[in-house]
Structures are given as C-alpha cells and as structure tokens.
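The values are calculated or read from the model by the stated rules, or taken from the named source; none is laboratory data. Note that the structure is a prediction, hence the values are computed from the model and not measured. FYI the Cβ positions are ideal-geometry reconstructions off the backbone, even for glycines, and counts take in every protein chain you see.
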Amino acid sequence: MLRTTDDIKEMLAIMDRRDRVRNVCVVAHIDHGKTTLTDLLLAEAGLIPHDLAGEIRVLDYLEEERKRGITIKAGNISLLYRLNGEKYVVNLIDTPGHVDFTGRVARALRAVDGAIVLVDAVEEIMAQTEVVTRQLLNERVKTILLINKIDRLITELRLSAKEIYAKLSRIVQNFNDLIEIYCEPQFKDKWKVDVFKGNVIFGSALHKWGLNAEVARRKNIKFNDIIEIYSENEWHRLQEIIPLHKIVLESIIKVLPSPIEAQRYRVPKIWAGNLDSEVGRAMVECDPNGPTTICVVSVKKDPAEGLIATGRVFSGKIEEGDRVYLLNAGDECIISKVSVYMGSFRERANRIGSGNIAALSGFKTIKSGETIVDVEYKDQMAPFEKITYISEPVITVSIEPKDPSGLPRLLEALESLIIEDPNLSLSVNKETGEFLLSGVGELHLDISIKALRESIPDVEVIISKPIISYRESVSKVGATATVTSPNGLNSISIRVEPIEENLSSFSKADAELFRGAGRVLSIDDNGNVLLDISGEHYSEEDLSAIVSGFKWACGSGPLCGEPLRGVKVVLVDANLAPEEKNRGHAQITPTVRRAIFKSFMTANPVLLEPVCAIQISTPAEQIGSIIHLIMKRRGKVSSVSQRGPLLIVDGFMPVVESLGLADEIRSASSGRAFWQSRFSHWGRVPEEHMPKTLESIRLRKGFLKEG
C-alpha cells in the first residue's frame, strides 16, 4: 500500500490535475475475471507482487467474498501510473458480478466516468453483462470492452486463428448491439467499440497478457503467433511481451475521459438542478474553486470512526474541518477526516479536489445517495437524481431476538445494514412486532444476515424461512361501488380498473399518461393511480383524506393484505357533508378504502408473484435434466443457444420456485452447470395455485387459524 508521506503527496498533487485523473470501474458477469484483472492493475502500481496477482484478491477484503469467490462490496483504490513521461491517477472501483448485488453496481457507476466491461471469450455476453451495460450507459459512463480468457479458446476449444477471429467479431458485434439498444442517440456512434478505435482489448487475465490493435501493429503479433506460443507451452513469455495490465492502464488513459470532459455531459443527466446557476456551472466545469458538491455512493460503519461516506466530488474541494450540509437529511456537520481508499485501508489525504473519489467521516447519520454541499450554498443546491436500480426487494425474512433484551442492539445493527445497503428494505409487522428484512435474492439476504450476526455475536437472532412478496391486482373493470361514511353523512363512489400492461411501471413523473382520463390525484410506487372524474371541487383537507384512503387501500389489499399493483382507482362521485366537522379523515379515509375494496372484489381480482429471468450455462449432456428441472418448478424456457462447449438456457421462473434451485442444479449437473437469475416482472399466479397461495399468506399473517 502507499505508505510514505511522499507517495501520498505525489498522488494528491496529481489528483489536483483533473486532466490526469481517470475514474473507472470494472464490471462483468460473475466469474468473467474482474477481480483477477484488478489485482494485475494493482501489481503494476507496485501495490502487490506481480506473481501473486489474481490470488491475493486485494479488493475482496470481506471474508465472505473470499469464501464464495465472488465480489460483494464494491472496493475502491487509487493508483499512480506513468505514461509517456507523465503521471496519472486512476481511481478504480471493483464491482460485484452477482446479480443480487446490482444495486451496489448502480451506485458505483455514479462515481465513475469510464468502465472496463469484461466478457468471457467462451461464454460470451451473458445476462449480467447486459444488465451492467444497461446500467452504465444509463449513467453516461463510457466503455472499453475487454474480451478475457482467450487462452480457453486455444487450449480448451482448440480453435484456429480464423475461428477465433469469427468468435471475437461476434462478441464485439453483440456488445455494440447492446449499445445500440441502451445508449442515448447522441453517444451511440461515438461509444460503439471497434478494434481500430483502441477500445477493444483481447487477453487472458489468468495468464497476464493482453493485446489491442495498436500493440499488435507495434509488436507485429498475430493470433497465429499466440496459438503457436501456446502449442509450445510457452505462454508465460506473453506476460513479458504484451503484459495485460499495461495495455489496460494505457487504454484507460487514452480512451476514457477525464472528469473535466465527462462532467460536461454527465452532470446534465444525473443532476436535476439549474445548470446555469453558480453550483450548476461549477459541476459542469468540474471547477475546483467552485462550491463543494459531493454525491455519496456508499456508506459503511467503521468501529473506530463511525460512518464513512464514499463519494464523488463534482466541484470544489473537501478538507478536514469543512462545515457541510446534507441535503436529504437536512443536517449540518463538520468533516473530521478526508482520505482515499486503498482496498480495505484508507490513507489520510486532508484535502481532495473536484473530479476525484473521497472517503469522509464525521457524520452522525448519512445514507447512500446523499448530496453533500457547502453550507453557504444549501439553498441553491438540488439533490442528485435518484439512482435507478434494476432489481427490487422481493424476498423477505422475519428477524427477532431470542431474548427480548437484545432488541435495542438488533435494531441498531439492522439500521446499520440499511445505511450500508439501500437495496435492503426494513419494515415492522405491527401484529407480531417482528422486523421484516427484504432483499433482491437469496444470496443478497444470506450475506446480509451473516453480516448482521457478525456485528452482534452475543445476541442470538431467530430468522424465519424466506417469505416471497406478492401483489394484488384486477383483471377487468369493476362495478362502481358506493359506500357511506361511519356517520352516514358522506358517500363515496369509486370504480377500479386494470392498468394496461405497458403502463404498469410508470412513476409520479408520468402523470401525463393519464391526462384526459381524469384529474390525477395520486400515483404510488407500485404503479397504482388515483383519478378524479367527479368534477367536484374539494378542499385541501378533503383531498388529503381521499388520497390517504387510496394509499391505505393500496398498501394492504383485500385478498391477503399484500400491496396493490397496476390498479386504476377512479373517483366517480363524492357527496360530502356540508359542515367540515362531519367530514375529515376519520370519516372520508376509511370510506374511500372500503369503496376501493368493494369495487376491487367485483373486478376479477388476481394475485401477482415476482418472476425472475434465469440463465443457466450447462454442458450439452446435462441439458435434458436442466430443462426438466426448470419445467418442474413452473419455469418456462425461452431459448437455448450454444456457446462453445456449453449450452445457454434462458427462461423465466417464479421467484418462490427458485428458492433452493442452486443446490438442485448442482446435483442435476454434477456441479458442472452455473446459473443466475434477476427479477424480471410481476406475473399472475395461475388459477390452480391461487387458493393454496392465498391460504398460506393468510395463515402466515394471522388472518386465518390452522384448521
């Protein structure tokens, strides 16, 4: 690690040269070689021995990551590199490859301007490759494509140079197809990868060599030469002739933008404030002398220092002792320490300027996604736009201490988990008092629960079996239901309707979709909308009561207390008492809820379950047992394609059926098949399964008694 004061001073001096800074992350499908590549880059910077690169796994500093062989938390490190006599700082973030941790990837991308996208040459572009590519393009992050594991094409598949060329060309084309689909029009042509643009690298992170068009031309190396070197079992020579780490670092510096260049087009996308304001201009120009603005991308708890926030400094500079304002929390604080990350360690920096990634401490409370600003500019600053997550929490476990005296410490530990990982969701079962922790997948919850237990080892915690989230909806237009308030002086008429499938994931910003269908009174996070067609004029208090009834009904439906989804609630008429004392929330709110439920039950109610997209790579001889396993679990196969010696099975499966699937796949394939899943959509529970599913949910929630 950087140990000497001189080393730190030199790095900080270069960080002030914003044109010499590159903020980069490494993204890929799981097990395509991200962490091995990262270790090689650290070795080139002199932080670890070259011969141990790929084995030390410096950025995988959690025991659980090492044990599972996957990257869970995004690790940060700043390293120095010399190119053509000039020194550069590369701020590098290694990101998770497992789909359960795409939330961490989304947050990491807010801090960077460029990405190395790794693709396994044998497996080619997989499900997670597409997910992370979509995420980074949505954040306006420019890419370099690195096709890894070329050695497998030679030693395992024994392809000729012509066959290798054809396979690599297909990968490049398929990656460009993703850019064509997900990239904004103004960047598509400029950001598509091309061997001759220098933004495509071929290599083997395991064998530590790499090649791009410039190096191939300069050193006069062709794939035939590499094949011949492998045939002579002399591949270790390639490490010296064409070392991968040098080619990657040179490509990062030559191809990917500096913060000065990137912030001009990224800030307008990720920040919703006034670009012509003093703060806006400072961020667009990456001005080190402007107001201090920082977007926090991760938070973790340090036993000694408390909460440590990692964030991108978009303008100004941050120093120890600075008084700053947390926009979302509405709180002022003083920064007690500024540092740069070196894997699991942090090196004190005192001051970090715009365009860089900083670690900050001194917070009583702070969450990922927070916007930090100079106190003097708190009234001019707008928060950074909400980061879009691909997955949503759909698996829940209930948590309670065995001994009630451990409850305060359990609650504190759960709050720390939520601070560090916003993809977790915490709620309380009001009937039982249990804490309900929700995550995006089995592994996500498994890791979180292990971290929870390790943080409070002396508190015995009881964890339930996984609970799947459901949603309630309707499949046809319901009857108009009229309900009288408890005092008999108000009546509300409401009709519920299904919302078209293509509008089931709109947000509050999409209210114009319903313009002309009525006045939009409210839209919630589950795609339910409240429309008013009564033509009546309501007071603010009455409107508030009506919306409260809508939200109450949508939060817990009549079938089994699960949230409503994709339901249009139409306020047809409202005859309200003339005197205000006879209206109010106590009268109107429960009446609206009852009217919604009454119409809901006439609209052919349905139960929705979360459905995941699955992708399984398996040897050809195991394909029969794998497909049988999918069908047995109510899954559907959408396609089967060949990638070298493997068959890739794509399909869909209800999340409830995917629990324990990993063990069955390992058993059915003798450990040779690998699978991933990601939340895809909400689908109807089949009619034949609905009664049993409803009964089990009602029993679990205490709505029914056994027998």
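What to note about this one:
- The single residue among LYS142, LYS149 that is outside the structural domain of GLN676 (by TED's automatic domain parsing), at positive phi and touching a residue at least 60 places away in the same chain (Cβ under 8 Å) turns out to be LYS149.
- Complete set of residues in the stretch 663-685 that are free of Cβ contacts under 8 Å to residues at least 24 places away in the same chain and closer than 30 Å to GLU472 by Cα: none
- Count - residues of the stretch 422-439 that are in contact with a Gly (Cβ under 7 Å, 6 or more places away or on another chain) and either among the charged types (D, E, K, R) or at pLDDT below 75 (or both): 3
- Number of the exception - ARG281 against (1) crowded, with 18+ Cβ neighbours inside 10 Å; (2) at pLDDT 95 or above: (1)
- A single entry from HIS245, HIS236 fulfils the requirement of being crowded, with 19+ Cβ neighbours inside 10 Å and outside the structural domain of GLU285 (by TED's automatic domain parsing): HIS245.
- Pair list, Cβ < 8 Å and 6+ apart or interchain, from the stretch 188-205 residues that are more than 17 Å from LYS167 (Cβ to Cβ) to residues that are of a type in the set (S, T, N, Q): TRP191/THR143; LYS192/ASN176; GLY198/ASN212; GLY198/SER251; ASN199/THR143; ASN199/SER251; ALA205/THR36; ALA205/ASN148
- Selection within the stretch 141-195 - crowded, with 19+ Cβ neighbours inside 10 Å, polar (S, T, N, Q) and within 30 Å of ASN233 (Cα to Cα): ASN148
- Count of the stretch 310-334 residues which are surrounded by fewer than 20 Cβ atoms within 10 Å (Cβ to Cβ) and touching a Cys at 6+ places or on another chain (Cβ under 6 Å): 0
- ASP276 being surrounded by fewer than 20 Cβ atoms within 10 Å (Cβ to Cβ) and either among the hydrophobic types (A, V, I, L, M, F, W, C) or outside any helix (DSSP H, G or I) (or both): yes
- Some residue of the stretch 582-591 being in the same structural domain as TRP682 (by TED's automatic domain parsing) and touching a residue at least 24 places away in the same chain (Cβ under 8 Å): no
- For the stretch 141-161, a residue qualifies if it is closer than 19 Å to CYS25 by Cα, of a type in the set (A, V, I, L, M) and not in a loop (DSSP other than H, G, I, E, B), and the qualifying residues are ILE144, LEU145, LEU146, ILE147.
- The requirement of being more than 30 Å from GLY441 (Cα to Cα) and crowded, with 18+ Cβ neighbours inside 10 Å is not satisfied by LEU564.
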